Amino acid sequence: MAHKEPTTEGRPTKRKTAIYICIAIAIGLVTNIFMGLLMDGGKIWRSVSAVSIWLIILTFVAYLGVSTVDSLRLLLVSRRCRYPVSLRNCLLNSFVGAFFAHITPLAMGGQPFQIVHLSYHGMTKQIATNIIFSRFVVNAMLLVLLLIIGLPVVIGIFGSITGLAILFYTGLLVSIIFALFFLLVLIQPRIVSWLSSYLAHTRLGRFFGRTIKHPDWQQDFEVWTRELRVEIRFLWSKGLGTMLVDILLNVVDLLLLAFALWYPLVKLVDPNISFIQVLVIYNAVWQVVFYIPSPGASGGLEGMFTLVFSTLTGKAEMTLVAIVVWRFSTYYLSLVPGILLSSIAFRRQQGQRTRQS
């Protein structure tokens with residue numbers, strides 16, 4: 001099979017990566033210190049003394065389980081798409097993709113890396129894009145379904161936060177609209193072609209073409225939508241069993257993400273906190289903080305989760321410590337393996353490019 005070497009578009013440079021990491025750590029550190037200064041120092045210290053190394057390790061392992069499950073999902077779907085990727089490369093793709101999602105604003109760096117990485121290992125960019133896009137839509141729809149089922153819980157907690165309820169409901173509404181739009185694109189990809197044809201002749205479309213230095217971008221969108229239609233039909237007709245397994249594994253991802261937050265809250269704040277309650281609130285709040293433009297939503301995420309769960313538990317200081325433990329284990333600590341694995345991935349891609357030249 002002929003291999004077309006992809007560009008490095010969407011791949012952050014080492015300098016940009018270092019800058020994003022520094023910004024994320026700085027913002028998170030300043031925010032957590034500021035919140036700590038507003039609370040009782042003695043209560044915070046007593047909560048910190050209850051933190052054990054095993055609490056951090058178990059939370060970290062639960063979070064690593066998410067990328068591991070994602071690797072299995074990618075392995076299954078890539079085989080069904082007739083472009084099998086090795087388990088090792090699936091692991092690299094998932095872990096490093098999560099790393100770049102962590103350090104870029106709006107998590108916009110993870111999926112471009114995954115697409116480029118898959119194209120370096122024999123998969124066409126179109127099919128790689130279709131796989132990543134399909135998984136994104138499935139995840140979005142599962143979140144919408146979860147929020148609809150847990151709407152009474154969402155209303156109960158958000159309605160008690162005076163002044164922020166509108167922000168939460170607006171964020172949830174925007175997330176639902178986007179999820180439904182992307183589902184429509186998945187079902188009827190031609191909608192992208194129709195929109196691009198219309199926008200190409202507007203000032204916004206011409207500005208977009210100048211920005212990406214590709215004035216004929218609309219033609220590429222038309223090609224992509226035709227191929228997306230073919231691949232999506234293949235996945236959901238010939239590979240229905242695989243896609244159903246992928247959805248179940250996506251549910252496992254959501255459960256692991258919620259567990260990584262629920263466990264510190266149970267151990268440090270209140271042993272009676274319901275896992276289902278944390279699952280619903282976690283995903284509801286995440287739909288709002290996702291739009292915070294700092295790398296990995298650093299700072300704003302800690303503040304928002306502390307505010308919401310403090311309202312739920314009535315123990316602000318203990319909740320702050322639990323949220324910091326959760327973020328340290330699932331975000332800041334995960335940057336270390338992310339840096340190491342991204343270096344390995346890029347060295348392999350560079351070596352492959354050198355052999356082909």
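The values are calculated or read from the model by the stated rules, or taken from the named source; none is laboratory data. The structure displayed is predicted, hence computed values, not measured ones. All Cβ positions, even for glycine, are placed from backbone atoms using ideal geometry, and neighbour counts span all protein chains on display.
Scan segment 260-290 for residues that are of a type in the set (Phe, Trp, Tyr), surrounded by fewer than 20 Cβ atoms within 10 Å (Cβ to Cβ) and at pLDDT 80 or above and jot them down.
Phe275
Out of all the residues in segment 49-57, is one or more aromatic (Phe, Trp, Tyr) and at pLDDT 80 or above?
Step one: of segment 49-57, the residues aromatic (Phe, Trp, Tyr) are 54.
If we keep only those that are at pLDDT 80 or above as well, we get 54.
Scanning segment 49-57 turns up at least one residue that is aromatic (Phe, Trp, Tyr) and at pLDDT 80 or above.
Contact list please: Cβ distance under 7 Å, first residue in segment 244-270 and closer than 17 Å to Trp54 by Cβ, second residue among the aromatic types (Phe, Trp, Tyr) and surrounded by fewer than 18 Cβ atoms within 10 Å (Cβ to Cβ), pairs at least six apart or on different chains.
Taking only residues 6 or more apart or on different chains, the pairs are Trp262/Phe275.
Taking the condition over 19 Å from Asp253 (Cβ atoms), modelled with pLDDT of 80 or more, in a helix (DSSP H, G or I) and of a type in the set (S, T, N, Q), does Asn93 pass? Explain how you work it out, then say what you get.
Working: over 19 Å from Asp253 (Cβ atoms): no; modelled with pLDDT of 80 or more: yes; in a helix (DSSP H, G or I): yes; of a type in the set (S, T, N, Q): yes.
Answer is no for this residue.
What are the residue pairs meeting all of these: first residue in segment 140-153, first residue at positive phi, second residue surrounded by 18 or more Cβ atoms within 10 Å (Cβ to Cβ) and of a type in the set (Phe, Trp, Tyr), Cβ atoms under 9 Å, and 6 or more apart or on different chains?
As it stands, the answer is none, since no pair meets every condition given.
Given the conditions (1) modelled with pLDDT of 70 or more; (2) under 21 Å from Phe133 (Cα atoms); (3) not hydrophobic (A, V, I, L, M, F, W, C), which single one is not true for Pro189?
Unmet condition: (1).
Conditions tested, residue by residue: (1) assigned to a loop (DSSP other than H, G, I, E, B); (2) surrounded by fewer than 17 Cβ atoms within 10 Å (Cβ to Cβ); (3) β-branched (Val, Ile, Thr); (4) at pLDDT below 80.
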position: Ile19; (1), (2), (3), (4): no, yes, yes, yes
position: Ala26; (1), (2), (3), (4): no, yes, no, yes
position: Ser47; (1), (2), (3), (4): no, no, no, yes
position: Thr59; (1), (2), (3), (4): no, no, yes, no
position: Ser71; (1), (2), (3), (4): no, no, no, no
position: Ser78; (1), (2), (3), (4): no, no, no, no
position: Pro84; (1), (2), (3), (4): yes, yes, no, yes
position: Ala98; (1), (2), (3), (4): no, no, no, no
position: Ala101; (1), (2), (3), (4): no, no, no, yes
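Assuming Lys238 fulfils every condition listed in (1) more than 25 Å from Arg46 (Cβ to Cβ); (2) modelled with pLDDT under 85; (3) in contact with a Lys or Arg (Cβ under 9 Å, 6 or more places away or on another chain); (4) crowded, with 18+ Cβ neighbours inside 10 Å apart from one, which condition is it?
Just one mismatch for Lys238, condition (4).
Just to confirm my filter: which helices (runs of 4 or more DSSP H) fall fully inside segment 291-357 and include at least 2 residues that are in contact with an Asp or Glu (Cβ under 8 Å, 6 or more places away or on another chain), closer than 25 Å to Ile273 by Cβ and at pLDDT 80 or above? Spell out the reasoning first.
On the way: elements: 300-313, 316-327, 335-356.
Answer list for segment 291-357: 316-327.
Is it true that Leu64 is over 16 Å from the mean Cα position of the chain (by Cα), assigned to a helix (DSSP H, G or I) and in contact (Cβ under 8 Å) with a residue 12 or more places away in the chain?
no
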